[in-house]
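Below: one structure, written as structure tokens.
The values are calculated or read from the model by the stated rules, or taken from the named source; none is laboratory data. Everything numeric in this text was worked out from a predicted model, so none of it was measured. Because the Cβ atoms are built from the backbone with ideal geometry, glycine has one as well, and the counts that use them run over all protein chains shown.
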Ligand code: FES
């Protein structure tokens, strides 16, 4: 989905423009401007990357390079609930692949994608830092641990 600079998205682009003007002369402005852009839009589609590049006088490929290098940046619009299933070693050996598969089946969505109703985004993530609870997933800020595939329908139902 694209964001219209002159339509509904205008207020957001204006807000980003103001921040770019504030930061433009600072060294290393690209990271904070991209973080701000993600805070404003929730993700960094091409039109937002282009706007940042034009605003700071850098190339689009420079912006794209940073956006894809750092995992904090999200390039696609996210669902209302973002699910992250840990695929780190401890979780993997305790069956996180089966958790991920069950979620994909339950939500009828591929890993890395968002359901058509915009409710859920399903991601596979690195270690979430709570390996003692393996296998672990997060939905938004909430952590779910020691999961079995049969836990999934009940948990998902709470967020529908
Ligand atoms: S490996 Fe899953 S939380 Fe660390």
Residue that is nearest to the chain's Cα centre (by Cα), among those in the stretch 33-45 that are touching a residue at least 12 places away in the same chain (Cβ under 8 Å) and part of a helix (DSSP H, G or I) = 38
task = Please work out if residue 153 is surrounded by fewer than 13 Cβ atoms within 10 Å (Cβ to Cβ), more than 19 Å from residue 74 (Cβ to Cβ) and more than 11 Å from the ligand (Cβ to nearest atom).
result = yes
remark   = (1) more than 11 Å from the ligand (Cβ to nearest atom); (2) at pLDDT 95 or above; (3) in a loop (DSSP other than H, G, I, E, B) all hold for residue 66 apart from (3)
Yes/no for residue 128 being closer than 30 Å to residue 31 by Cβ and either outside the structural domain of residue 44 (by TED's automatic domain parsing) or modelled with pLDDT under 95 (or both) = yes
key: Subset of the stretch 134-145 [surrounded by 15 or more Cβ atoms within 10 Å (Cβ to Cβ) and touching a strand residue (DSSP E or B) at 6+ places or on another chain (Cβ under 7 Å)]   = 135, 136, 137, 138, 139, 144
query = Across the stretch 76-94, what is the number of residues that are assigned to a loop (DSSP other than H, G, I, E, B) and touching a helix residue (DSSP H, G or I) at 6+ places or on another chain (Cβ under 6 Å)?
reply = 1
query = Quick check: anything in the stretch 93-101 closer than 25 Å to residue 74 by Cα and away from the ligand (no atom under 16 Å from the Cβ)?
reply = yes
query = within 16 Å of the ligand (Cβ to nearest atom), over 17 Å from residue 43 (Cβ atoms) and either assigned by TED's automatic domain parsing to the domain that holds residue 34 or surrounded by 12 or more Cβ atoms within 10 Å (Cβ to Cβ) (or both) - does that describe any residue in the stretch 114-124?
reply = yes
request  = Spot the failing condition for residue 129; the list is (1) over 17 Å from the mean Cα position of the chain (by Cα); (2) closer than 20 Å to residue 78 by Cα; (3) part of a loop (DSSP other than H, G, I, E, B), and only one is missed.
outcome  = (2)
